[in-house]
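J.: Can you keep this structure in mind? I'll have questions shortly.
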Amino acid sequence: MRDKEGYLVTGPDLGRGDTLPANWPLNREPYYLETNMPGVFAAGDVRHCSIKRLASAVGEGAMTVAFVNRYLARG
């Protein structure tokens, strides 16, 4: 899912208005950097509302590793 500027919407921003995308198949909310496709994560400048700084992208990339491990362990 993309915003009007074309950036990928992730995590809590997918559920704005208390509704998840119609194609969200899981019984949980998306992880923070997860896109509307379960198990697919986005970090850095491609992400909606990202700070657009290198250090932030590196930090989000590191966070993604933890979320991928969680996804693989629990779904």
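The values are calculated or read from the model by the stated rules, or taken from the named source; none is laboratory data. Keep in mind it's a predicted model, so treat the numbers as computed, not measured. Backbone-built Cβ (ideal geometry, glycine too); neighbour counts: all protein chains shown. The accessibility values were calculated without ligands, DNA or RNA, using every heavy atom of the protein model including side chains. Shrake-Rupley method; radii C 1.70, N 1.55, O 1.52, S 1.80 Å.
J.: What is the residue count in region 32-58 for residues that are part of a loop (DSSP other than H, G, I, E, B) and under 8 Å from the mean Cα position of the chain (by Cα)? Before the answer, list the steps.
T.: Applying the first criterion (part of a loop (DSSP other than H, G, I, E, B)) to region 32-58 yields 32-33, 35-40, 42-43, 48-53.
Applying the additional criterion that residues be under 8 Å from the mean Cα position of the chain (by Cα) yields 32-33, 35-36, 40, 42-43.
Summing the residues that are part of a loop (DSSP other than H, G, I, E, B) and under 8 Å from the mean Cα position of the chain (by Cα) in region 32-58 gives 7.
J.: Mind checking whether some residue in region 14-24 is in a helix (DSSP H, G or I) and either surrounded by 14 or more Cβ atoms within 10 Å (Cβ to Cβ) or at pLDDT 95 or above (or both)? Full working, then the answer.
T.: To start, the set of residues in region 14-24 that are in a helix (DSSP H, G or I) comprises 14-15.
Those still in the list that are either surrounded by 14 or more Cβ atoms within 10 Å (Cβ to Cβ) or at pLDDT 95 or above (or both) too: 14-15.
The answer is yes, given that some residue of region 14-24 is in a helix (DSSP H, G or I) and either surrounded by 14 or more Cβ atoms within 10 Å (Cβ to Cβ) or at pLDDT 95 or above (or both).
J.: Residues Val40, Val9: which one is open to solvent by 30 Å² or more (accessible area, probe 1.4 Å) and without any contact (Cβ under 8 Å) to a residue 60 or more places away in the chain? Write out each step before concluding.
T.: Working: Val9 fails: open to solvent by 30 Å² or more (accessible area, probe 1.4 Å).
Unique residue meeting the criteria: Val40.
J.: Shifting gears a bit: How about region 46-75: which of its residues are polar (S, T, N, Q) and in contact (Cβ under 8 Å) with a residue 12 or more places away in the chain? Before you say what the answer is, go through the steps one by one.
T.: Step one: list which residues in region 46-75 are polar (S, T, N, Q), which gives 50, 56, 64, 69.
Correct list: Ser50, Ser56, Thr64.
J.: Still on this structure, I have one more. When the residues of region 26-37 are filtered to those that are modelled with pLDDT of 90 or more and not aliphatic (A, V, I, L, M), which remaining residue is surrounded by the fewest Cβ atoms within 10 Å (Cβ to Cβ)?
T.: Restricting to residues being modelled with pLDDT of 90 or more and not aliphatic (A, V, I, L, M), the top hit is Tyr32.
J.: Of the residues that make up region 49-60, is at least one open to solvent by less than 60 Å² (accessible area, probe 1.4 Å) and among the hydrophobic types (A, V, I, L, M, F, W, C)? Give the steps one after another, and end with the answer.
T.: Of all residues in region 49-60, those open to solvent by less than 60 Å² (accessible area, probe 1.4 Å) come to 50, 56-57, 59-60.
Going one step further and asking which of them are among the hydrophobic types (A, V, I, L, M, F, W, C), we end up with 57.
Yes, because at least one residue in region 49-60 is open to solvent by less than 60 Å² (accessible area, probe 1.4 Å) and among the hydrophobic types (A, V, I, L, M, F, W, C).
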